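Q: I'd like to ask you about the structure that follows.
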Amino acid sequence: MADRLNGYRILILETREEAQFSKLLAEQGADVVQCPMIEIHDAPDPAPVEAWIRRAIDKPFDDLVLMTGEGLRRIMKLARERGLDQALVAALAKSRKFTRGPKPGKALREIGLEQQQMTEKPTTDGVIEMMAKLDLKGRRLGLQLYPDKDHSALIGALSGQGAVVDTVLPYAYDPKAADDNIAAAIDEMAAGRIDCIALTNLGQVRRLVDAAKMRGSEAKLREGLQRTLIASVGPAVSGELAAHGLREDILPADESYFMRPLISAMATRLAEKRPKVTAG
């Protein structure tokens, strides 16, 4: 089964886990076309992040909500640079830990910790629904945020439950860095040279549409997507596609919203519905 995607051209927009996703696809024989959507950098001012780390160490949070695995890794990177990593891990071990989907849980396991609960849906609404079932009155809650998102609804919901919310934003996006790559990817889809585009987070959908609008190529993007199967890793991505009037062709079965089930679903659908394209 190692050649299930042999000869198919798969466009990926992953940034944080691009190397892993590309490797998994290549193992199945895919011709992977990579288009990183953004560059990720540490927070431009590390002082607020360091202050949050020190507060977490001095008085461990009752609860910790992690929105992304990238966020925890960036926090730990700065903690190591400041010689605070062991103290921080010890402090976080004392907190109840909640995650938005599986990726933050993976980052927790990398430092020897485990989540107490994961959202049913890997979305902000999923976090709000999960935390709404808990008594947070008077509890200190550390909340790791991510860029380019209005988190006011989440912070308001947690504060409304009586939690004392302490936020941290440990990284920033540089979305302009990949504009030329995005334009080239749109051209490839419009020319019918991509079998499938694999979308692994909703920010990729927004970025793709925004970049096309900025270059006056939204019509070409939509034309290209009409010619290309669209694979969504889960409901958050599918919802964002729908918000832009775009369809979802492929979704992992049995609510297994991870890379490997996505690749399996892609292989099945491509074998059934779409002949292989030839680059050139």
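Q: Given 0.36 nm per residue, what is the gain on full extension from residue 23 to residue 128 after removing their alpha carbon distance, in nm? Can you show the working numbers first?
A: Working: separation 105, 0.36 × 105 = 37.80 nm, distance 3.41 nm.
In short, 34.4 nm is gained.
Q: A further question follows. Evaluate E = 1/(1 + (r/R0)^6) for residue 106 and residue 214, where r is the Cβ-Cβ distance and R0 equals 30 Å; express this FRET efficiency to the nearest 0.05. Let's see the in-between values first.
A: Numbers: r = 33 Å, r/R0 = 1.11.
Once rounded, the FRET efficiency stands at 0.35.
Q: What 222 nm value per residue comes from the helices of the chain, counting each DSSP H run with n ≥ 4 as -39,500 (n - 2.57) and dividing by all residues, nearest 500 deg cm²/dmol? Provide the component values of the computation, followed by the final result.
A: Values: 12 runs with 128 residues, N = 280.
Mean residue ellipticity at 222 nm (helix-derived): -13500 deg cm²/dmol.
Q: May I pose another question? I want the local charge near residue 94. Using Cβ-Cβ distances under 14 Å, sum +1 for each Lys or Arg and -1 for each Asp or Glu among the other residues.
A: Taking every other residue near residue 94 into account, the sum is +2.
Q: Taking the Kirkwood radius as the inverse of the mean 1/r across Cα pairs, report the Rg/Rh of region 123-280. Could you put the intermediate results ahead of the total?
A: Details: Rg = 18.9 Å, Rh = 17.9 Å.
Rounded to two decimals, Rg over Rh is 1.06.
Q: Something else: Rounded to the nearest 10 degrees, what's the angle between the helix 47-58 long axis and the longest principal axis of the chain, both from Cα atoms, 0 to 90?
A: 50
Q: At a temperature of 37 °C and a viscosity of 0.692 mPa s, determine how fast region 117-206 diffuses translationally according to Stokes-Einstein, using the Kirkwood radius over alpha-carbon pairs as Rh; express D in µm²/s, rounded to the nearest whole number. Don't skip to the end; give the middle numbers.
A: Numbers: Rh = 16.0 Å.
The calculation lands on 205 µm²/s.
Q: Using the Cα atoms of region 44-169, I'd like the radius of gyration and the largest Cα-Cα distance, Dmax, both in angstrom.
A: 13.3, 37
Q: Of all DSSP beta bridges located in the chain, what percent are antiparallel, nearest 5? Numbers along the way, then the final one.
A: Numbers: 4 of 31 bridges.
Taking every DSSP beta bridge within the chain, about 15 percent pair in antiparallel fashion.
Q: Hey, what did the chain get for relative contact order, percent, Cα under 8 Å, at least 6 apart? If you can, show how the numbers build up before the last one.
A: Working: 505 pairs, mean separation 56.8, N = 280.
Value for the chain: 20 percent.
Q: Now for a different question. Measuring from label point to label point, each 7 Å out along Cα→Cβ, what is the residue 90 to residue 226 span in nm?
A: Result for the modelled spin labels: 6.3 nm.
Q: Hull surface divided by four, with the convex hull built on the Cα atoms of the chain: how many nm²? Kindly include the intermediate steps, with their values, before the conclusion.
A: Working: hull surface 60.4 nm².
Quarter of the Cα hull surface area: 15.1 nm².
Computed from the coordinates by the stated procedures, all read-outs in this text should not be read as laboratory data. Computed from a predicted structure; not experimentally measured. Cβ: placed from backbone, ideal geometry, glycine included. Neighbour counts: every protein chain shown.
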